[in-house]
Each structure stands twice: as C-alpha cells, then as structure tokens.
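The values are calculated or read from the model by the stated rules, or taken from the named source; none is laboratory data. In this text the structure is predicted, and so the values were computed from the model without any measurement. Cβ placement follows ideal geometry from the backbone for every residue including glycine, while neighbour counts extend to all protein chains displayed. These area figures cover heavy atoms from the full protein model, side chains too; ligands, DNA and RNA do not enter into them. Shrake-Rupley method; radii C 1.70, N 1.55, O 1.52, S 1.80 Å.
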Amino acid sequence: MGWALSEKVYCVPVPFFLTMSVPEHPMIIGGAEHRSDTPLTVRIPYDGQPFATVFAASQQHLQLAVEAAQRAASVMREMSRAERAAILLRAHALLAERKETFARTISSESGKPLREARAEAERALSTLFFSAEEAHRLAGEEVPMDAAPAGAGRMAMFIREPLGVIAAITPFNFPLNLSMHKIGPALAAGNAVIHKPASATPVTALLLARLFLDAGLPPGALNVVTGPGGSIGDFLVEHPDIRMITFTGSAEVGLRIRSRAGMKRVTLELGNNSAVIVCADADLDGAVARCVPGAYANSGQVCISVQRIFAEESIHGEFVERFAAQASSLPVGHPLDEDAAVTSLITESEAHRVVSWIGEAVESGARLVTGGGRQGATVQPAVLADVPPQTRIFAQEAFGPVAGINRFRELDEAIAAVNDSPYGLQASIFTRDIEKAFRAARRVHVGGFLINDVPQLRVDQMPYGGVKLSGTGREGPRFAIEEMTEIKLISWRVEG
Ligand code: NAP
C-alpha cells in the first residue's frame with residue numbers, strides 16, 4: 001500500500017522517521033498530553049504537504065478520557081454560573097489573542113481560504129461569548145401548580161441540571177466554530193466534554209483544548225481524542241457513562257449514531273442541498289451578489305451552500321448569465337494565498353466525485369455554463385443550468401463548488417421543487433413581494449427560512465438545525481444548552 005491520500009482517508013499512518021519534520025500535537029486527556037504508537041500525518045489538502053503529526057487513540061485512551069471527563073463533570077456541576085462564565089470569558093480573551101494562529105491552522109488543515117478561516121475565528125469568538133452569556137442566564141422557571149386542583153397548596157419550580165459527560169463529534173469544514181458550538185454551551189451548562197474532531201482537521205481542536213486549559217478549565221472538562229471516526233465513534237456512542245452525543249457531519253454517519261445510541265440524548269446537525277427561489281420582482285444584482293459567495297465559499301463545502309437555484313422563467317437567462325460571470329471570476333488558489341476565494345476540496349477523491357456528478361448531469365441534459373474542470377483536489381467553480389432534478393448533483397448534497405440554476409413559472413411550482421428533497425436545513429427566497437415571501441416561508445419545510453438572503457446564513461446565536469434528513473435538535477448556545485441539560489422538577493407542599 002502507498003501512502004497517497006485515498007477515499008475517506010485524511011490521516012494515514014506513517015513510518016516514525018517521516019513524522020519528525022512537522023510539529024506533533026498529542027491528544028489531551030485529563031489535562032495531560034497523550035501520544036500513542038500510531039502517529040498520523042495531517043496534510044494540507046491543496047497540495048498534500050505534511051502539516052502536523054497527531055496520534056490515533058487506543059481503546060485505553062478512550063476509556064481514560066471517559067474517566068477523566070466523569071471526574072471533571074462533578075467539578076463542573078458544582079461550579080457557580082459566574083465561575084463557568086468567567087472561564088469562558090478568559091478563553092474568549094485568549095482566542096482573541098491567538099486568532100491568527102487558529103486561522104492559519106484552520107486554513108492549512110481544512111484547505112479553506114485564509115480570509116474565510118479568519119472569519120471563522122471571529123465567529124468562534126462570538127459563539128464563545130454567547131455561551132458565556134448563557135452560562136449567566138441558565139435558569140428554570142416556576143411551575144403554576146395550583147392551576148390544577150391536584151396542585152393546590154403546592155409551589156414548584158423546575159431547574160436545569162447538566163447531563164454529565166457529553167461526546168462531541170465534529171466535521172472538517174468548520175473545525176473551530178462547529179467545535180465551539182458544542183464545547184461552549186456544554187461547558188456553560190456544567191458538563192464535561194470528550195471531543196472527537198474530524199481526522200482531516202484535528203490540530204485546531206487540540207489547540208482549542210490547550211487554550212481552555214490556559215483559561216483555567218479544570219483538567220478533564222475538555223478532552224480531545226484523535227483518530228479514525230469509525231472505531232472511536234462506536235466506542236463513544238455505545239459507552240454507558242456518556243450521556244449525550246452531539247454530532248455534526250454527514251447523514252450517513254448521523255443515522256448510524258442514532259441507531260446505536262440507545263437511551264443517550266443525540267443531536268444531529270447533518271447535510272442539505274440548499275435551495276433558493278429568485279422571483280422576477282427581486283433585486284437581481286443583490287440576489288446574484290449574495291448567491292455567488294453562498295455557493296462557492298469554502299469551495300461549496302458548507303452544509304448550507306447554495307446548491308439549487310430556482311429562477312423565474314422571465315429572468316432565468318439573465319440570472320444565469322450574471323451568476324456565471326461572477327462565478328468564473330472567483331480567484332482560485334492555495335488556501336494560504338490572501339487572494340484565493342476558492343481552493344481545494346478536502347481530498348482529491350472528493351474532487352473526482354464532484355466532477356463525475358457534474359458529468360452525469362450533463363449527460364442527462366443539463367447545460368454546463370462554466371467551470372467544472374479539476375486539477376488535483378481543486379474543482380473550478382461550476383454553473384449548471386436546467387438540471388434534471390433526479391441527478392445526484394441536484395437530488396443529493398453536492399458539497400463542492402457547483403450550483404444548478406433551474407426555472408419556474410408559478411411560485412407554488414418552485415416551493416414544490418424546493419421541498420422535493422430528502423433534506424430540510426435552510427432555504428431562501430429573493431422577492432420584493434411580502435405575500436410571496438411569507439407564503440414560501442410557511443410552505444417550505446426546513447429548519448430556517450431566509451427572505452432576501454441566501455440559505456447560507458448562520459448567525460451564531462440563532463436557533464440552527466434541520467428537519468428531515470438534515471437532523472434533529474437545534475444549536476446556537478441558548479438552544480444547545482436546552483439539549484445539554486435535563487429538567488428536574490422540585491415541588492413542595494406549603495403548610496398553612
Ligand atoms: P463525516 O464523514 O460524517 O464525519 C464527521 C465526523 O464523524 C468526523 O469526526 C468523523 O471522523 C466522524 N465519524 C466517522 N465515522 C463515524 C462513526 N461511525 N461514528 C461516529 N463518528 C464517526 O462528515 P464530514 O465529511 O467531516 O463533513 C461533511 C458533512 O457534514 C456534510 O454532510 C455536511 O453537510 C455536514 N455538516 C453539517 C453541518 C450542520 O450544521 N448541519 C455543518 C457542517 C457540516 P473521521 O473524520 O475520522 O472519519
């Protein structure tokens with residue numbers, strides 16, 4: 001076997017002497033560094049250059065992480081809201097100091113353009129800040145017991161208690177902010193976390209665990225275990241002392257987790273094939289200017305990337321022309337190049353997949369307006385028009401730099417086309433007609449609907465999550481905390 005990157009293999013075992021030239025990032029368990037005898041090389045996806053060495057967790061490491069997290073969970077549970085918020089705010093200050101290091105790490109290991117990696121670091125600051133605020137706000141409420149005859153003479157409240165140990169499993173495409181969306185709320189609510197980052201992007205997670213330790217988080221309250229998702233995932237999902245799995249990633253893995261998790265809480269943030277409706281009365285310049293970055297940011301590897309566009313018949317031709325002109329002018333290059341807007345996909349095999357799905361659509365009758373070429377792991381931004389809806393590039397999650405633009409005559413036809421999807425994360429409409437906007441908002445079956453915006457919009461405090469195959473549960477610190485706590489009722493009978 002060669003050491004070339006292959007399908008779904010982002011980190012490969014390497015002979016030890018070859019791991020000496022890049023920095024080592026050991027796992028962090030119980031506040032201490034842990035190596036194993038299986039080093040893995042993390043590579044820059046754009047050109048395959050080695051970037052770092054991490055270590056594959058053994059079953060002993062995983063068990064150690066569970067035990068460390070259990071001990072820390074009792075410490076976290078006893079901490080006051082003020083103490084937990086103070087740690088999160090200290091972490092916030094440290095992240096503000098270290099954000100450029102994080103941005104460069106994100107960009108290198110995920111292949112994301114540096115300017116987007118910087119934006120991700122800024123968003124992670126915001127997620128952390130909102131988590132600290134929620135630590136202060138975390139509260140139950142009074143229960144009006146005497147509203148029922150059986151409750152007369154009683155006063156009651158419910159409180160929210162932490163679950164204990166939570167396993168957070170995260171994808172490669174936003175290695176910092178999606179981790180923060182799990183870690184921030186979990187710690188704010190008084191839990192301990194075992195974090196399993198994507199094999200392509202473990203270094204960001206390890207730097208984050210180090211940062212939290214520097215901020216004064218008790219050892220064991222955040223543990224990071226690295227290595228292949230299958231074996232580590234199954235261990236965490238089936239371990240009886242882990243109370244919740246918070247997962248972001250593909251529907252395939254999400255369904256596997258759900259089927260094995262038993263009585264654990266499970267939140268799943270999964271994929272989408274996001275749709276946009278563009279009505280003839282819309283501000284066309286504004287729609288194009290929003291849709292192009294919405295489709296090609298992070299080379300289309302965003303769960304809410306603009307993938308399916310439905311433009312009204314009378315403006316379809318003009319929309320396609322303007323959209324394609326902007327898409328084809330996006331600078332393509334190395335992720336650390338300050339000017340690059342589109343870079344590589346996470347692996348070359350992913351680039352092959354996207355190109356073959358484009359080819360399949362063209363063979364089925366779609367028109368390739370621009371792009372679609374491939375060099376290594378990089379795919380030129382592609383625009384398709386009149387795409388048969390049953391082709392994979394339309395019907396499944398493309399997760400690459402490609403958008404398809406179809407046409408509609410009546411709004412209800414467009415709404416039906418948007419809903420013709422196994423997914424339901426976010427969708428949007430561009431129109432100046434408020435009746436049309438709210439008709440679509442009511443009828444499109446998604447977790448979030450945006451008006452005069454792209455579905456690729458996430459502001460970090462908003463409730464975020466999907467319906468259908470896009471998942472269950474909501475994130476955004478306030479909403480994640482609801483998932484990460486359990487309600488306990490306390491009632492007392494008032495004498496006299
Ligand atoms: P993925 O292949 O599903 O991997 C996600 C995580 O799951 C990784 O840490 C992976 O580890 C781990 N994993 C793999 N097999 C597992 C198993 N059997 N049990 C438990 N964990 C396992 O997804 P990805 O390719 O990294 O990310 C892309 C997907 O994430 C897309 O579908 C995208 O839409 C979705 N996503 C959704 C959201 C959202 O908020 N809804 C946000 C971002 C991304 P390894 O890396 O070691 O395999």
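What's the total number of residues in segment 185-209 that are within 15 Å of the ligand (Cβ to nearest atom) and touching a helix residue (DSSP H, G or I) at 6+ places or on another chain (Cβ under 8 Å)?
Number satisfying all stated conditions: 15.
Tell me which residues, restricted to segment 179-217, are of a type outside the set (A, V, I, L, M, F, W, C) and touching a His at 6+ places or on another chain (Cβ under 8 Å).
Across segment 179-217, the qualifying residues are Ser179, Lys182, Pro202.
Please find, within segment 250-294, the residue that is surrounded by the most Cβ atoms within 10 Å (Cβ to Cβ) out of those that are within 14 Å of the ligand (Cβ to nearest atom) and within 27 Å of Leu114 (Cα to Cα).
Ranking the candidates gives Ser274 first.
What about Ile429, is it assigned by TED's automatic domain parsing to the domain that holds Phe319 and surrounded by fewer than 24 Cβ atoms within 10 Å (Cβ to Cβ)?
no
Tell me which strands (runs of 3 or more DSSP E) are completely within segment 381-475 and hold 1 or more residues being within 15 Å of the ligand (Cβ to nearest atom), or say none if there are none.
Passing ranges, in order: 402-408, 426-430, 448-451.
I'd like to verify a number: residues in segment 69-115 that are in contact with a strand residue (DSSP E or B) (Cβ under 9 Å, 6 or more places away or on another chain) and open to solvent by less than 50 Å² (accessible area, probe 1.4 Å), how many?
Residues meeting the conditions: 9.
For segment 1-47, name all the residues that are farther than 23 Å from Leu64 by Cβ, surrounded by 14 or more Cβ atoms within 10 Å (Cβ to Cβ) and modelled with pLDDT of 50 or more.
Hits for segment 1-47 are Val22, Thr41, Arg43, Ile44, Pro45, Tyr46.
Answer yes if at least one residue in segment 465-476 is touching a His at 6+ places or on another chain (Cβ under 8 Å), touching a residue at least 40 places away in the same chain (Cβ under 8 Å), open to solvent by less than 20 Å² (accessible area, probe 1.4 Å) and not small (Gly, Ala, Ser), and no otherwise.
yes
Tally time: how many residues in segment 19-73 are part of a loop (DSSP other than H, G, I, E, B), under 28 Å from Leu217 (Cα atoms) and in contact with a Gly (Cβ under 7 Å, 6 or more places away or on another chain)?
Total satisfying the criteria: 4.
Rundown of residues vs (1) of a type outside the set (S, T, N, Q); (2) out of contact with any Pro (no Cβ under 9 Å at 6 or more places or on another chain); (3) under 18 Å from Val342 (Cα atoms), yes/no style:
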{"position": "Ile106", "(1), (2), (3)": "yes, no, yes"}
{"position": "Arg115", "(1), (2), (3)": "yes, yes, yes"}
{"position": "Arg118", "(1), (2), (3)": "yes, yes, yes"}
{"position": "Leu125", "(1), (2), (3)": "yes, yes, no"}
{"position": "Ser131", "(1), (2), (3)": "no, no, no"}
{"position": "His136", "(1), (2), (3)": "yes, yes, no"}
{"position": "Gly140", "(1), (2), (3)": "yes, yes, no"}
{"position": "Met145", "(1), (2), (3)": "yes, yes, no"}
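Show the residue pairs that are 6+ apart or on different chains and have beta-carbon atoms under 6 Å apart, the first residue being within segment 224-246 and assigned to a helix (DSSP H, G or I), the second being within 7 Å of the ligand (Cβ to nearest atom).
Ile232/Lys196; Val237/Ile257
Here is a check on your reading of the model: is Cys291 of a type outside the set (A, V, I, L, M) and not in a helix (DSSP H, G or I)?
Criteria not met by Cys291.
Could you please let me know if Ala124 is within 38 Å of the chain's Cα centre (by Cα) and either more than 29 Å from Leu236 (Cα to Cα) or in the same structural domain as Gln70 (by TED's automatic domain parsing) (or both)?
It is true that Ala124 is within 38 Å of the chain's Cα centre (by Cα) and either more than 29 Å from Leu236 (Cα to Cα) or in the same structural domain as Gln70 (by TED's automatic domain parsing) (or both).
Say whether the condition of being away from the ligand (no atom under 14 Å from the Cβ), over 21 Å from Ala124 (Cα atoms) and open to solvent by 40 Å² or more (accessible area, probe 1.4 Å) is met by at least one residue in segment 220-239.
No, there is no match, as no residue in segment 220-239 is away from the ligand (no atom under 14 Å from the Cβ), over 21 Å from Ala124 (Cα atoms) and open to solvent by 40 Å² or more (accessible area, probe 1.4 Å).
For segment 332-352, enumerate the residues that are assigned to a loop (DSSP other than H, G, I, E, B) and open to solvent by 10 Å² or more (accessible area, probe 1.4 Å).
Within segment 332-352, His334, Leu336, Asp337, Glu338, Asp339, Ala341 qualify.
If the Cβ limit is 7 Å and pairs must be 6+ apart or interchain, which residue in segment 151-166 that is in contact (Cβ under 8 Å) with a residue 60 or more places away in the chain pairs with which residue that is in a strand (DSSP E or B) and among the aromatic types (Phe, Trp, Tyr)?
The qualifying pairs are Arg154/Trp492; Met155/Trp492.
For segment 138-150, which positions are within 35 Å of the chain's Cα centre (by Cα) and in contact (Cβ under 8 Å) with a residue 40 or more places away in the chain?
Of everything in segment 138-150, those that are within 35 Å of the chain's Cα centre (by Cα) and in contact (Cβ under 8 Å) with a residue 40 or more places away in the chain turn out to be Leu138, Gly140.
Of all residues in segment 358-380, count the ones that are crowded, with 20+ Cβ neighbours inside 10 Å, in a helix (DSSP H, G or I) and not small (Gly, Ala, Ser).
1
Look at Asn173 and say whether it is buried (at least 16 other Cβ atoms within 10 Å of the Cβ), within 15 Å of the ligand (Cβ to nearest atom) and assigned by TED's automatic domain parsing to the domain that holds Pro477.
yes
Would you check if there is a residue in segment 446-466 being under 18 Å from Cys303 (Cα atoms) and over 22 Å from the mean Cα position of the chain (by Cα)?
no
Could you say whether any residue in segment 382-390 is open to solvent by less than 50 Å² (accessible area, probe 1.4 Å) and within 30 Å of Phe51 (Cα to Cα)?
Yes - at least one qualifying residue is present in segment 382-390.
Out of the residues in segment 296-306 that are within 14 Å of the ligand (Cβ to nearest atom) and assigned to a helix (DSSP H, G or I), state the one that is most open to solvent (accessible area, probe 1.4 Å).
Out of the qualifying residues, it is Ala297.
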